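Contents: one structure, followed by commentary.
The values are calculated or read from the model by the stated rules, or taken from the named source; none is laboratory data. Everything quoted here is computed from the prediction, not taken from an experiment. Cβ: placed from backbone, ideal geometry, glycine included. Neighbour counts: every protein chain shown.
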Amino acid sequence: MRFLLFFIIFLFFSNFSNSSDVNFHAWGGSIVINNFISESSKDLKKININLKHTKVPDIADTVKILESDKKNNNFGKGLIDLMWINGENFHRLKKKQLLFGPINTVENYKYINFNDQSLHNDFGEPVEGMEVPWGRAQFVIIYDSDLIHKPPETASELMAFAKNNPGRITYPQIPEFHGTTFLKQIIYELIDNKSILQKPISKCQNTCNPLHELINYLKELHPFLWNEGRRFPKSVNETIPLLSNREIWLTFSFNPSVAANYVKNGDLRKSTRTTSFRNGSIGNTHYLAIPFNSSNKKSSLKVINYLISPTIQAKKANINNWGDPTVLDFDLMNSEQRQMFLKKQNIHILPKNKIPYIQEPHYSWTEAIENEWFKAFN
Amino acid sequence: MSQAIFMQLDLHLFLKDLQILAPSIGHTLFNNIAAIAISIFVAFFITIYLYKYSLYKSSFLIVLISFPHISFCIGVSYLFASSGLFARLFSLFYGNEVPFASTSGHYTDNLIYIFGLSIREVPFLVLIGLNVCDKIKLNLINRQVQALGFSELTSLVNCVLPLWLKSMSLPILVVITFSFSNIEFSSILGPQLPNMINVKFIESWYSTNQYLIRQLNSLILITILCVIFTTLLLAFLRNLSIYFLKKTRFFIKSSFNSNLLGKIFYKLMISIFILTLLVTFLLSICKSWFFPSILPDTLSYDGWKYIFINHLPIFLNSIFISTFISFLSLIIIGLVIENTNKKKLLFKILFILSFTILILPQNIMLIGINDLMNITNIFSVKIWFYFSLFIYVLPYTYFMMKQTYDNFNYQYIRNANVLGTSRFKSLFLIKIPLISNELILIFAVGFAVCFYQFLQGIIVTKGEEILFNNEVFILFSGESINVASSGSLMNLIPALLLFLLIWIRGHHVKV
């Protein structure tokens, strides 16, 4: 009885002792990533920081909280200290002045190449120190090599594959970001003048109508999708069990190395391989930012500094952990630091530099693509 | 003038939304009405079977009630997926190495939704239905009808069913409002493109898209209208069938064995629950279990390990919160009922409040609480979270406590008063020991209700404060079935243990 009482008291107090908490809002849909954040949290305890991972299904929800905070004049007691963002969410936060910064003053920022524009432009929006690069991504195709000997690597090959193998491919339901990226990738594949996607959609007038082409393509594709395009997985992770059980034969990811981790954990078969759209696939950078009303900005900066340090970036790039490519410039590191990034080749992952990167379309395209999809299919 | 235009514009937008959302509304109404009708039908026959043959078996129902909605939905989805257990069993005979291409569309999704929701609601309806049988003196009616030379089925359909249905109005209303506000069934098992309105509700709530945010107003109104429509329709159907049975005296000569039907339904329901549990358990202990294997290829406890390492704090926190809320609710309701009588205003307010909470769709109620939180801007999110959990435990505690007090034999207290014992002493030395079993059961129900709340973490706190139940839902959309299944099983352990203990102690369940 006494033990129970102590236990309840312990739980009660453990619940309220949060003096150096950093509340980190980050997408919580991947166990691999959650594990990495959890490991980092253990490390950070050594410098007296309690990194609490709030697993959000979509970071847009966090943006809404910050907007509401500003409306309610909550300027200093915000519940969110750090967030993982990019794209239209960053643009929205920057435009509404909901970010604290510049934050590119952290010590380890020195390892980031000032001239690499892919790090300093987020979906066409200049970063201007309001967020710090954390990792890179490239859109890839993960497939079962026992069932597909020559995977589709263009939009037309994908269409042909779907027609020859009805019900064996799908993509996450829009507006899930992997699903939206798939649609962006298809637009890139379908149009000749790719540069229009780098400009705001408002610049695209009558004669330029890539969205129309996209919807026509999808209307042709959907009857051959999993469940005849009448049901979509809610997230890209939901496609992993489908791929492992061969309900579908290929899926997509934003991480060129993630398949190796899934195979290691037994979530995917050993016959799993990774490829991508051979004419180039969308690559982007993801960032860390501090909200304007974080109540613990000092500790948040320390966390950012820790997360972009060469040791942790190397740990993150390791396929046994997360496998997320680094944002640091090898030329700015010493040989000992560079050594940490050397990795063994793995048959399940996309070899480095095999597929050229294509820049994300301007952020204004995202909502337009999603709206068109909703109009056509929802 | 401007106000009038504004109202007109609103109505115009509502009608436009109604037109756009018509397919969603159609799916939602059809699925929910079908699921409720089936669950009432099945529940009636199981109730009759259990009432006649074994009350001991009926107490097992409370174990089924402790099965969380999310875990049940996940289990059902594992059974019916194209590479699920049934497909694997089929492949044993057919010999296919690759699952058939999934072409299930709305029809299959609707069927699975109806199946899942109706089976899940049966234990709740049966548990209350058994007490209704007590109240309407079912055995006496049966004996009377049989003495007049009619079959048992005649008694059940013509005499018992009308009485039973009338007494079941409140629980059926609770099931109706749950059907239109749940997110677990509609999101995991329900159809997509278009989604059911329950899912659209949450999509709009979370959306940053102005059009969807505005659509939320229409969705609130549509949900209320759907609940009213379903209630009226089911009431109409009930009255129509009673009228029809009275007029035609249908079944009057039938000698069909209704108990056999009840027995089949009962066994089928138990089998579905056990099968769901079994598949989830096997998935939780496998490293990989690829199609078409009937049993896991390799075993591993990694999923459990992951849950213990990463989710133990929130699991313990949820237990702590649920214990605290259930205990608080027990104390408050106990104090109110102990110190008031049915004529006092406070008692009446409590009754109206409990009733309103039960019949108002939860998503709408919680949006109201969220608005209140934002407008008043007092107290932390945590306090509002606890509050929103508390108000959903309150009705269950109230109705169960009220029944306990109603059933209590006050002669003991009067005897103690005659002997000069103080009220305080009578309460602690006589009343509480005598109703201790019921109090434990009320606490357990309150605990389970709180532990399995889901929408609070989504609507009130927008993910800022959540329960373990919410974490399980997130895990289900993750890449590892193994981890999701471990989480799903861990989710049912606390309430299951609590109810198993009560069951083992041999309580006669009264709700």
Test residue A:299 against the criterion of being hydroxyl-bearing (Ser, Thr, Tyr) and surrounded by fewer than 19 Cβ atoms within 10 Å (Cβ to Cβ), and give yes or no. no
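Please note which helices (runs of 4 or more DSSP H) are completely contained in the range B:430-510 and include at least 1 residues that are within 16 Å of residue B:67 (Cβ to Cβ), within 11 Å of another protein chain (Cβ to nearest Cβ) and at pLDDT 85 or above.
On the way: elements: B:432-451, B:468-476, B:481-504.
Hits in the range B:430-510: B:481-504.
Among the residues that make up the range A:346-368, is at least one of them farther than 28 Å from residue A:95 by Cα and among the basic types (Lys, Arg)? Break it down stepwise before answering.
Initially, the range A:346-368 is screened for residues farther than 28 Å from residue A:95 by Cα, giving A:346-356.
Narrowing further to those that are among the basic types (Lys, Arg): A:352, A:354.
Yes, that holds for at least one residue.
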So, in the range B:298-315, how many residues would count as being surrounded by fewer than 17 Cβ atoms within 10 Å (Cβ to Cβ), facing chain A (nearest Cβ under 8 Å) and either touching a helix residue (DSSP H, G or I) at 6+ places or on another chain (Cβ under 6 Å) or part of a loop (DSSP other than H, G, I, E, B) (or both)? 1
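Can we say residue A:288 is surrounded by 22 or more Cβ atoms within 10 Å (Cβ to Cβ), under 24 Å from residue A:162 (Cβ atoms) and touching a strand residue (DSSP E or B) at 6+ places or on another chain (Cβ under 8 Å)?
Details: surrounded by 22 or more Cβ atoms within 10 Å (Cβ to Cβ): yes; under 24 Å from residue A:162 (Cβ atoms): no; touching a strand residue (DSSP E or B) at 6+ places or on another chain (Cβ under 8 Å): yes.
Against the criterion (surrounded by 22 or more Cβ atoms within 10 Å (Cβ to Cβ), under 24 Å from residue A:162 (Cβ atoms) and touching a strand residue (DSSP E or B) at 6+ places or on another chain (Cβ under 8 Å)), residue A:288 does not qualify.
Only residues that are closer than 30 Å to residue A:270 by Cβ and either surrounded by fewer than 20 Cβ atoms within 10 Å (Cβ to Cβ) or not hydrophobic (A, V, I, L, M, F, W, C) (or both): list them for the range A:346-378, please.
Matches in the range A:346-378: A:346, A:347, A:348, A:351, A:352, A:353, A:354, A:356, A:357.
Just to be sure before I move on: is residue A:106 under 20 Å from residue A:366 (Cβ atoms), β-branched (Val, Ile, Thr) and touching a residue at least 24 places away in the same chain (Cβ under 8 Å) in the structure I sent?
Values: under 20 Å from residue A:366 (Cβ atoms): no; β-branched (Val, Ile, Thr): yes; touching a residue at least 24 places away in the same chain (Cβ under 8 Å): yes.
No.
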Report, ordered by the first and then the second residue, all pairs with beta carbons closer than 6 Å, sequence separation of six or more or different chains, a first member in the range A:23-47 that is more than 25 Å from residue A:65 (Cα to Cα) and more than 10 Å from chain B (Cβ to nearest Cβ), and a second member that is surrounded by fewer than 20 Cβ atoms within 10 Å (Cβ to Cβ) and at pLDDT below 90. A:36/A:321
Hey, does the range A:10-17 have a residue that's more than 10 Å from chain B (Cβ to nearest Cβ) and modelled with pLDDT of 80 or more? no
Search the range B:329-345 for residues that are in the same structural domain as residue B:435 (by TED's automatic domain parsing) and pair each with any residue that is loosely packed, with under 11 Cβ neighbours inside 10 Å and modelled with pLDDT of 90 or more when their beta-carbon atoms are under 6 Å apart and the residues are at least 6 apart or on different chains. none
Wholly inside the range B:122-193, helices (runs of 4 or more DSSP H) that include 2 or more residues that are more than 21 Å from residue B:269 (Cβ to Cβ) and under 16 Å from the mean Cα position of the chain (by Cα) are B:169-181, B:184-188
Quick one: count up the residues across the range A:123-137 that are part of a strand (DSSP E or B) and closer than 24 Å to residue A:315 by Cα. 6
All but one of (1) within 10 Å of residue B:24 (Cβ to Cβ); (2) in contact (Cβ under 8 Å) with a residue 60 or more places away in the chain hold for residue B:199; which doesn't? (2)
Do any helices (runs of 4 or more DSSP H) lying entirely in the range B:52-111 carry at least 3 residues that are farther than 24 Å from residue B:473 by Cα, modelled with pLDDT of 85 or more and away from chain A (no Cβ under 11 Å), and which ones are they? B:85-94
Let me confirm something: among B:350, B:372, which residue is buried (at least 19 other Cβ atoms within 10 Å of the Cβ), among the hydrophobic types (A, V, I, L, M, F, W, C), part of a helix (DSSP H, G or I) and at pLDDT below 90? B:350
For residue B:213, are the conditions met, namely being at pLDDT below 90, assigned to a helix (DSSP H, G or I), within 14 Å of chain A (Cβ to nearest Cβ) and surrounded by fewer than 18 Cβ atoms within 10 Å (Cβ to Cβ)? yes
Can you spot a residue in the range B:237-256 that is in a loop (DSSP other than H, G, I, E, B), out of contact with any Gly (no Cβ under 6 Å at 6 or more places or on another chain) and among the polar types (S, T, N, Q)? yes
Of the conditions (1) assigned to a helix (DSSP H, G or I); (2) modelled with pLDDT of 85 or more, residue B:292 fails just one. Which one is it? (1)
Could you please find all residues in the range A:55-72 being more than 17 Å from residue A:172 (Cβ to Cβ), within 9 Å of another protein chain (Cβ to nearest Cβ) and in contact (Cβ under 8 Å) with a residue 24 or more places away in the chain? A:55, A:62, A:63, A:67
Kindly indicate which of B:63, B:42, B:132 is crowded, with 22+ Cβ neighbours inside 10 Å and out of contact with any Asp or Glu (no Cβ under 6 Å at 6 or more places or on another chain). B:42
For residue B:318, indicate whether it is assigned to a helix (DSSP H, G or I) and either touching a His at 6+ places or on another chain (Cβ under 7 Å) or of a type in the set (S, T, N, Q) (or both). yes
Quick count over the range A:338-378, residues being under 24 Å from residue A:201 (Cα atoms) and β-branched (Val, Ile, Thr), is 3
For the range B:461-482, indicate whether the set of residues that are among the small types (Gly, Ala, Ser), farther than 24 Å from residue B:78 by Cβ and not assigned by TED's automatic domain parsing to the domain that holds residue B:84 is non-empty. yes
Hey, does the range A:169-179 have a residue that's more than 14 Å from every other protein chain (Cβ to nearest Cβ), of a type in the set (A, V, I, L, M) and surrounded by fewer than 22 Cβ atoms within 10 Å (Cβ to Cβ)? no
Just a yes or no: is a residue in the range A:216-234 more than 12 Å from chain B (Cβ to nearest Cβ), free of Cβ contacts under 8 Å to residues at least 60 places away in the same chain and surrounded by fewer than 19 Cβ atoms within 10 Å (Cβ to Cβ)? yes
The conditions are (1) of a type in the set (A, V, I, L, M); (2) away from chain A (no Cβ under 14 Å); (3) under 28 Å from residue A:222 (Cα atoms), and residue B:168 fails exactly one of them. Which is it? (3)
